[in-house]
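> Here it is, the structure in full.
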Amino acid sequence: MTHAYSEMYLDDAKDLLSVYFDYLVNDCNYDGDLAATYFWMSGYAERFEKGDPGVLAGMSGIELARAVHNATHFSPQPLPEQRFTGVRSPEYWAGWALAWYQWHTGRRFKDIFNAVPFSFVIEMYPLFHEMDVIQFFNAMDSRIVSIPFSSRLKLLRESRGLSQSEMAAQAGVNLRSIQMYEQGVNHINKAQAITLFRLSRVIGCRIEDLLENPRM
(Lines give C-alpha, C1' and ligand atoms only; values in the text may rest on other atoms or scores of the structure.)
Protein backbone atom coordinates (compact mmCIF):
# COMPACT_ATOMS: atom_id res chain seq x y z
CA MET A 1 0.00 0.00 0.00
CA THR A 2 1.23 3.52 -0.85
CA HIS A 3 0.91 5.87 2.09
CA ALA A 4 0.27 9.60 1.83
CA TYR A 5 3.38 10.49 3.80
CA SER A 6 6.65 8.91 4.83
CA GLU A 7 6.76 6.53 7.78
CA MET A 8 9.43 8.80 9.25
CA TYR A 9 6.60 11.16 10.28
CA LEU A 10 4.35 8.44 11.74
CA ASP A 11 5.60 8.72 15.33
CA ASP A 12 5.13 12.49 15.16
CA ALA A 13 1.62 11.97 13.81
CA LYS A 14 0.67 9.56 16.60
CA ASP A 15 2.05 11.84 19.30
CA LEU A 16 0.31 14.86 17.78
CA LEU A 17 -3.17 13.35 17.62
CA SER A 18 -2.80 11.67 21.02
CA VAL A 19 -2.15 14.96 22.77
CA TYR A 20 -4.76 16.78 20.68
CA PHE A 21 -7.62 14.58 21.91
CA ASP A 22 -6.30 14.13 25.44
CA TYR A 23 -5.93 17.88 25.92
CA LEU A 24 -9.26 18.94 24.42
CA VAL A 25 -11.31 16.28 26.23
CA ASN A 26 -9.59 16.15 29.62
CA ASP A 27 -8.24 19.67 30.04
CA CYS A 28 -10.75 21.70 28.02
CA ASN A 29 -13.91 19.63 28.69
CA TYR A 30 -14.58 19.19 24.98
CA ASP A 31 -16.92 16.46 23.82
CA GLY A 32 -14.72 13.93 22.00
CA ASP A 33 -16.99 13.65 18.97
CA LEU A 34 -17.06 17.43 18.64
CA ALA A 35 -13.25 17.56 18.86
CA ALA A 36 -13.13 15.02 16.02
CA THR A 37 -15.64 16.97 13.92
CA TYR A 38 -13.81 20.27 14.41
CA PHE A 39 -10.53 18.57 13.49
CA TRP A 40 -11.69 17.76 9.97
CA MET A 41 -13.87 20.84 9.57
CA SER A 42 -10.90 23.11 10.32
CA GLY A 43 -8.84 21.83 7.39
CA TYR A 44 -6.04 20.62 9.65
CA ALA A 45 -7.08 16.99 9.21
CA GLU A 46 -6.54 17.28 5.47
CA ARG A 47 -3.08 18.75 6.00
CA PHE A 48 -2.36 15.97 8.51
CA GLU A 49 -3.44 13.29 6.01
CA LYS A 50 -1.15 14.71 3.34
CA GLY A 51 1.84 14.69 5.68
CA ASP A 52 2.25 18.46 5.81
CA PRO A 53 5.50 18.90 7.82
CA GLY A 54 4.19 22.20 9.14
CA VAL A 55 1.54 20.20 10.99
CA LEU A 56 3.11 16.81 11.69
CA ALA A 57 6.56 18.05 12.68
CA GLY A 58 5.87 21.74 13.19
CA MET A 59 3.12 21.68 15.80
CA SER A 60 2.58 20.17 19.20
CA GLY A 61 -0.75 18.55 20.08
CA ILE A 62 -1.60 21.59 22.22
CA GLU A 63 -0.82 23.95 19.35
CA LEU A 64 -2.94 21.86 17.00
CA ALA A 65 -5.85 21.89 19.46
CA ARG A 66 -5.68 25.67 19.82
CA ALA A 67 -5.39 26.16 16.05
CA VAL A 68 -8.44 23.96 15.43
CA HIS A 69 -10.38 25.69 18.21
CA ASN A 70 -9.59 29.14 16.80
CA ALA A 71 -10.42 28.08 13.24
CA THR A 72 -13.86 26.72 14.13
CA HIS A 73 -15.19 29.40 16.47
CA PHE A 74 -16.27 32.91 15.53
CA SER A 75 -15.09 34.47 18.81
CA PRO A 76 -12.89 31.80 20.42
CA GLN A 77 -12.14 31.97 24.12
CA PRO A 78 -8.57 31.10 25.15
CA LEU A 79 -8.09 27.44 26.07
CA PRO A 80 -6.56 26.58 29.46
CA GLU A 81 -3.03 25.39 30.07
CA GLN A 82 -2.31 21.68 29.82
CA ARG A 83 -2.38 19.73 33.06
CA PHE A 84 0.31 17.09 33.41
CA THR A 85 -1.01 13.98 35.16
CA GLY A 86 1.45 11.37 33.91
CA VAL A 87 -1.51 9.12 33.02
CA ARG A 88 -2.17 7.94 29.46
CA SER A 89 -5.92 8.44 29.07
CA PRO A 90 -8.26 6.51 26.77
CA GLU A 91 -8.40 9.66 24.62
CA TYR A 92 -4.61 9.63 24.31
CA TRP A 93 -4.71 6.00 23.16
CA ALA A 94 -7.54 6.72 20.73
CA GLY A 95 -5.61 9.56 19.08
CA TRP A 96 -2.51 7.37 18.80
CA ALA A 97 -4.45 4.45 17.30
CA LEU A 98 -6.44 6.64 14.90
CA ALA A 99 -3.34 8.37 13.55
CA TRP A 100 -1.80 4.98 12.85
CA TYR A 101 -5.03 3.64 11.33
CA GLN A 102 -5.40 6.64 9.03
CA TRP A 103 -1.81 6.31 7.82
CA HIS A 104 -2.19 2.54 7.38
CA THR A 105 -5.45 2.73 5.36
CA GLY A 106 -5.23 6.11 3.65
CA ARG A 107 -8.84 6.84 4.62
CA ARG A 108 -9.75 10.46 5.30
CA PHE A 109 -10.49 11.41 8.89
CA LYS A 110 -13.88 12.82 7.95
CA ASP A 111 -14.83 9.43 6.48
CA ILE A 112 -13.44 7.52 9.46
CA PHE A 113 -15.37 9.63 11.97
CA ASN A 114 -18.50 9.59 9.85
CA ALA A 115 -18.54 5.79 10.10
CA VAL A 116 -16.96 5.32 13.53
CA PRO A 117 -17.51 8.21 15.96
CA PHE A 118 -14.68 9.07 18.32
CA SER A 119 -16.91 8.07 21.26
CA PHE A 120 -17.14 4.55 19.83
CA VAL A 121 -13.34 4.35 19.54
CA ILE A 122 -13.19 5.21 23.25
CA GLU A 123 -15.54 2.30 23.93
CA MET A 124 -12.99 0.06 22.17
CA TYR A 125 -10.23 1.08 24.58
CA PRO A 126 -10.77 -1.53 27.35
CA LEU A 127 -10.60 -4.40 24.85
CA PHE A 128 -7.98 -3.18 22.39
CA HIS A 129 -5.47 -0.93 24.14
CA GLU A 130 -3.23 -3.81 25.21
CA MET A 131 -3.64 -5.80 21.98
CA ASP A 132 -1.51 -5.63 18.86
CA VAL A 133 -2.65 -2.57 16.90
CA ILE A 134 -3.53 -4.81 13.92
CA GLN A 135 -6.47 -6.11 15.96
CA PHE A 136 -7.72 -2.54 16.24
CA PHE A 137 -7.25 -2.03 12.50
CA ASN A 138 -9.30 -5.15 11.74
CA ALA A 139 -12.08 -4.10 14.12
CA MET A 140 -12.23 -0.65 12.54
CA ASP A 141 -12.38 -2.07 9.02
CA SER A 142 -15.18 -4.46 10.01
CA ARG A 143 -17.24 -1.66 11.50
CA ILE A 144 -16.66 0.73 8.62
CA VAL A 145 -17.83 -1.73 5.96
CA SER A 146 -20.87 -2.79 8.02
CA ILE A 147 -22.08 0.63 9.12
CA PRO A 148 -25.20 1.91 7.34
CA PHE A 149 -25.05 5.16 5.40
CA SER A 150 -24.90 8.30 7.55
CA SER A 151 -24.58 11.64 5.84
CA ARG A 152 -22.13 14.38 6.70
CA LEU A 153 -25.06 16.77 6.76
CA LYS A 154 -26.58 14.80 9.64
CA LEU A 155 -23.25 14.56 11.46
CA LEU A 156 -22.67 18.31 11.23
CA ARG A 157 -26.27 19.20 12.06
CA GLU A 158 -26.21 17.08 15.19
CA SER A 159 -22.80 18.47 16.21
CA ARG A 160 -24.45 21.92 16.23
CA GLY A 161 -27.39 20.69 18.28
CA LEU A 162 -29.92 21.43 15.55
CA SER A 163 -33.02 19.42 14.73
CA GLN A 164 -33.98 18.90 11.11
CA SER A 165 -36.88 21.33 11.54
CA GLU A 166 -34.64 24.01 13.04
CA MET A 167 -32.15 23.66 10.21
CA ALA A 168 -34.89 23.84 7.61
CA ALA A 169 -36.31 27.02 9.13
CA GLN A 170 -32.96 28.76 9.56
CA ALA A 171 -31.66 27.81 6.11
CA GLY A 172 -34.90 28.32 4.21
CA VAL A 173 -34.62 24.80 2.82
CA ASN A 174 -37.53 22.37 2.59
CA LEU A 175 -37.61 19.96 5.54
CA ARG A 176 -38.30 16.97 3.30
CA SER A 177 -35.24 17.81 1.21
CA ILE A 178 -33.04 17.74 4.30
CA GLN A 179 -34.52 14.39 5.32
CA MET A 180 -33.87 12.94 1.86
CA TYR A 181 -30.26 14.19 1.82
CA GLU A 182 -29.59 12.73 5.26
CA GLN A 183 -31.06 9.36 4.30
CA GLY A 184 -29.03 9.26 1.08
CA VAL A 185 -32.20 9.01 -1.01
CA ASN A 186 -31.27 12.24 -2.77
CA HIS A 187 -27.55 12.82 -3.34
CA ILE A 188 -26.46 16.06 -1.72
CA ASN A 189 -23.64 16.40 -4.28
CA LYS A 190 -26.36 17.15 -6.85
CA ALA A 191 -28.09 19.80 -4.73
CA GLN A 192 -28.36 23.34 -6.06
CA ALA A 193 -25.50 25.65 -5.10
CA ILE A 194 -27.86 28.00 -3.24
CA THR A 195 -29.13 25.09 -1.12
CA LEU A 196 -25.60 24.04 -0.19
CA PHE A 197 -24.69 27.64 0.57
CA ARG A 198 -27.66 28.13 2.89
CA LEU A 199 -27.03 24.88 4.75
CA SER A 200 -23.33 25.62 5.17
CA ARG A 201 -24.08 29.09 6.54
CA VAL A 202 -26.40 27.70 9.20
CA ILE A 203 -23.94 24.98 10.24
CA GLY A 204 -20.86 27.19 9.97
CA CYS A 205 -18.87 24.94 7.65
CA ARG A 206 -17.50 24.95 4.11
CA ILE A 207 -19.77 23.79 1.29
CA GLU A 208 -17.35 20.96 0.47
CA ASP A 209 -17.74 19.62 4.03
CA LEU A 210 -21.33 18.70 3.17
CA LEU A 211 -20.44 16.67 0.10
CA GLU A 212 -20.24 12.90 0.11
CA ASN A 213 -17.60 10.73 -1.53
CA PRO A 214 -18.68 8.10 -4.04
CA ARG A 215 -19.30 4.79 -2.31
CA MET A 216 -16.43 2.34 -2.95
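The values are calculated or read from the model by the stated rules, or taken from the named source; none is laboratory data. Only a predicted model underlies this, so the values are computations on that prediction, with no experimental measurement involved. Here Cβ is always computed from backbone atoms with ideal geometry, including for glycine, and neighbour counts include all displayed protein chains. Side chains are part of the model used for accessible areas, which takes the heavy atoms of the whole protein and leaves out ligands, DNA and RNA. Shrake-Rupley method; radii C 1.70, N 1.55, O 1.52, S 1.80 Å.
> Measure of size requested: the Rg and Dmax of the stretch 10-78, with Cα atoms as the atom set and Å as the unit; please supply both.
Radius of gyration, then largest Cα-Cα span, for the stretch 10-78: 11.1, 33 Å.
> On to the next question. Going through the stretch 98-205, which GluC sites (Glu not before Pro) have at most 15 other Cβ atoms within 10 Å and a DSSP loop state?
Loop-located and lightly packed - Glu130.
> Just to confirm the filter: which chymotrypsin sites (Phe, Trp or Tyr not before Pro) across the stretch 36-95 are DSSP coil and have at most 16 other Cβ within 10 angstrom of their Cβ?
Phe74, Phe84
> Relative to the longest principal axis of the C-alpha atoms of the chain, give the angle of the C-alpha long axis of helix 118-128, reported between 0 and 90° and rounded to the nearest 10°.
Value to nearest ten degrees: 40.
> Exactly which chymotrypsin sites (Phe, Trp or Tyr not before Pro) in the stretch 114-156 are in a DSSP loop and have at most 13 other Cβ atoms within 10 Å?
Phe149
> I've got another one for you. Residue separation times 0.36 nm, minus the C-alpha to C-alpha distance between Ser142 and Ala57: what's the value?
My answer for the length gained is 27.5 nm.
> Under 17 Å between C-alpha atoms is the cut-off here; go through the chain and count lysine pairs that meet it, provided they're at least eight residues apart or on different chains.
Summing the qualifying lysine pairs gives 4.
> Additional query: For the stretch 81-138, what D do you get in µm² per second when you plug the Kirkwood radius from alpha-carbon pairs into Stokes-Einstein at 25 °C and 0.890 mPa s?
D = 201 µm²/s.
> Please report, as a whole percent, how much of the solvent-accessible surface of the chain comes from carbon and sulfur atoms (probe radius 1.4 Å).
That share works out to 51 percent.
> Fully extended, how many nm does the chain gain between Asp132 and Phe74 (0.36 nm per residue separation, minus their Cα-Cα distance)?
Length difference between fully extended and current span is 16.7 nm.
> Right, something else. Over the chain, what is the relative contact order in percent, taking alpha-carbon pairs closer than 8 angstrom and at least six residues apart?
Across the chain, relative contact order equals 21 percent.
> What accessible area per residue, rounded to a whole number of Å², is obtained for the stretch 1-135 using a probe radius of 1.4 Å?
Value returned for the stretch 1-135: 49 Å² of accessible area per residue.
> Which FRET efficiency value, to the nearest 0.05, is calculated for Thr105 and Gln192 with the Förster distance at 41 angstrom and r the Cβ-Cβ distance?
That pair, Thr105 with Gln192, gives E of 0.75.
> Would you mind computing Rg(Cα) / (2.2 N^0.38 Å) for the stretch 1-41, counting N as its residues?
So the stretch 1-41 has a normalised radius of gyration of 1.39.
> Turning to a different aspect of this structure: Please pull out the direction-averaged projected area of the stretch 21-124, using the convex hull of its alpha-carbon atoms, in nm² to one decimal place.
The orientation-averaged projected area of the Cα hull of the stretch 21-124 comes to 6.5 nm².
> Once both axes come from the Cα atoms, what is the angle between helix 32-41 and the longest principal axis of the chain, in degrees from 0 to 90, rounded to 10?
So the inclination is approximately 70 degrees.
> Here is a follow-up. Taking only DSSP H segments of four or more residues, each worth -39500 (n - 2.57), what value at 222 nm results for the chain once the sum is divided by all its residues, to the nearest 500 deg cm²/dmol?
-17500 deg cm²/dmol
> How large is the translational diffusion coefficient of the chain in µm² per second when you combine the Kirkwood radius over alpha carbon pairs with Stokes-Einstein at 4 °C and 1.567 mPa s?
Using the Kirkwood radius from Cα pairs, D works out to 72 µm²/s.
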